[in-house]
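The values are calculated or read from the model by the stated rules, or taken from the named source; none is laboratory data. Please read these numbers as outputs of a predicted model, since none were measured by experiment. A quick note on method: Cβ atoms are made from the backbone with ideal geometry, for glycine too, and the neighbour counts reach across all protein chains shown. Remember, those area values only see protein heavy atoms, side chains included, never the ligands or the DNA or RNA. Shrake-Rupley method; radii C 1.70, N 1.55, O 1.52, S 1.80 Å.
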Amino acid sequence: MSWELLLWLLALCALILLLVQLLRFLRADADLTLLWAEWQGRRPEWELTDMVVWVTGASSGIGEELAFQLSKLGVSLVLSARRVQELERVKRRCLENGNLKEKDILVLPLDLTDTSSHEAATKTVLQEFGKIDILVNNGGRSQRSLVLETNLDVFKELINLNYIGTLSLTKCVLPHMVERKQGKIVTVNSIAGIAAVSLSSGYCASKHALRGFFNSLQSELGQYPGITVCNIYPGPVQSDVVKNALTEELTKPMKDIDQSYKMPTSRCVRLMLISMANDLKEVWISDHPVLLGAYIWQYMPTWALWLNFKLGKKRIQNFKNNLDPDLPYKLWKTKRD
């Protein structure tokens, strides 16, 4: 075989590989590293059994579904949020699986903004189960309002809840993990923690802060290879995140908006479990075009800012007309499906 023919074959193989990757990306609902782990990586059913998992924001949405899927794996669960009745409902749902008993689930009411209570809550978990293998920082709220119309108290609430509260609880749990030299800290961030989204300025700020904090923490834990930090960035998911979003004022409720066209919560959580089982450091979970947008923000920020300016006009116009700001995404998804 001549060198010229060999080079042609190598070029053809590279082209085929590129086309395969392009096709995979066009059909992807997560970053390619995560999808590879789903195909070839470790299974949550192998890696996460017999662990103690503390989930904040467990009363609805991603937190509730995560508790439900974890209950199938035979873990011990700590469910935290402010709404005790909803936590009890989630507990009953988990027990219906039949894999867990009453003693395996601890309902622990927790207000992330009340940082003075976090140390006592951590001690309660350790007294109940003796260890914390995984902390899932899922608690938080979103935002739908314009900067010029939003009270400063809303921005303070978003930072205190989404960022300071998460930071505080992590600092309470971390010494225990350092002492054991093992553990997983999983933080549910958002694609808004990579990008910038109009009508969600305070939410974006809190999520960008989380990204900076946990990436820095990860570098500081280099001497503890058994402790892993996983940052998860979901895109639009079927949950109560929009329904519970803050608006211009703390007391003004957000009107309910159809979420059925977004990624099913069960699919998002399954990918989260795969991320946890494979100790992935950063994962993006979303359908297109939001997933494509995350790649553009990461690798072509100037283009991303230009696109954001163009798309932001339409979002703001829909918002002012009392329409769903995500209406273009909804129409694109409906047409595609």
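Filter the stretch 216-236 down to the residues that are surrounded by 14 or more Cβ atoms within 10 Å (Cβ to Cβ), more than 15 Å from residue 136 (Cβ to Cβ) and not aromatic (Phe, Trp, Tyr) and list them by number. I'd like the intermediate steps shown before the answer.
Step one: list which residues in the stretch 216-236 are surrounded by 14 or more Cβ atoms within 10 Å (Cβ to Cβ), which gives 217-218, 221, 224, 227-236.
From the residues that got through so far, the ones that are more than 15 Å from residue 136 (Cβ to Cβ) too are 217-218, 221, 224, 235-236.
Across the stretch 216-236, the qualifying residues are 217, 218, 221, 235, 236.
Out of 183, 139, 130, I need the residue that is within 16 Å of the chain's Cα centre (by Cα) and closer than 23 Å to residue 44 by Cα. Which one? Break it down stepwise before answering.
On the way: 183 fails: within 16 Å of the chain's Cα centre (by Cα); 130 fails: within 16 Å of the chain's Cα centre (by Cα).
After applying the criteria, what remains is 139.
Which of the residues that make up the stretch 115-129 are open to solvent by 10 Å² or more (accessible area, probe 1.4 Å) and either free of Cβ contacts under 8 Å to residues at least 12 places away in the same chain or within 17 Å of residue 187 (Cα to Cα) (or both)?
116, 117, 120, 123, 127, listed by residue number.
Which residues, taken from the stretch 101-113, are open to solvent by 60 Å² or more (accessible area, probe 1.4 Å) and touching a residue at least 24 places away in the same chain (Cβ under 8 Å)?
Step one: filter the stretch 101-113 for residues open to solvent by 60 Å² or more (accessible area, probe 1.4 Å), giving 101-103, 109.
Listed by number, the list holds a single entry, 109.
Report, by residue number, each residue of the stretch 143-191 that is crowded, with 22+ Cβ neighbours inside 10 Å, without any contact (Cβ under 8 Å) to a residue 60 or more places away in the chain and under 25 Å from residue 319 (Cβ atoms).
If the condition is that a residue be crowded, with 22+ Cβ neighbours inside 10 Å, without any contact (Cβ under 8 Å) to a residue 60 or more places away in the chain and under 25 Å from residue 319 (Cβ atoms), then 162, 189, 190 are the ones that fit.
Test residue 298 against the criterion of being within 18 Å of the chain's Cα centre (by Cα), free of Cβ contacts under 8 Å to residues at least 40 places away in the same chain and open to solvent by 10 Å² or more (accessible area, probe 1.4 Å), and give yes or no.
Values: within 18 Å of the chain's Cα centre (by Cα): yes; free of Cβ contacts under 8 Å to residues at least 40 places away in the same chain: no; open to solvent by 10 Å² or more (accessible area, probe 1.4 Å): yes.
Here the answer is no, as residue 298 does not meet what is asked.
Of the conditions (1) modelled with pLDDT of 95 or more; (2) under 20 Å from residue 281 (Cβ atoms); (3) not hydroxyl-bearing (Ser, Thr, Tyr), residue 32 fails just one. Which one is it?
Residue 32 satisfies every listed condition except (1).
Any chance the stretch 14-23 includes a residue that's touching a Lys or Arg at 6+ places or on another chain (Cβ under 7 Å) and either of a type outside the set (Lys, Arg) or at pLDDT 80 or above (or both)? Walk me through how you get there before you give the answer.
If we filter the stretch 14-23 for residues that are touching a Lys or Arg at 6+ places or on another chain (Cβ under 7 Å), which is where we start, we get none.
Among the residues of the stretch 14-23, not one is touching a Lys or Arg at 6+ places or on another chain (Cβ under 7 Å) and either of a type outside the set (Lys, Arg) or at pLDDT 80 or above (or both), which makes the answer no.
Within the stretch 31-55, which residues are free of Cβ contacts under 8 Å to residues at least 24 places away in the same chain and open to solvent by 90 Å² or more (accessible area, probe 1.4 Å)?
Across the stretch 31-55, the qualifying residues are 36, 39, 40.
From the list 81, 58, 67, 28, which one is hydrophobic (A, V, I, L, M, F, W, C) and surrounded by fewer than 21 Cβ atoms within 10 Å (Cβ to Cβ)? Reasoning before the result, please.
Numbers: 81 fails: surrounded by fewer than 21 Cβ atoms within 10 Å (Cβ to Cβ); 58 fails: surrounded by fewer than 21 Cβ atoms within 10 Å (Cβ to Cβ); 67 fails: surrounded by fewer than 21 Cβ atoms within 10 Å (Cβ to Cβ).
Exactly one residue qualifies, and that residue is 28.
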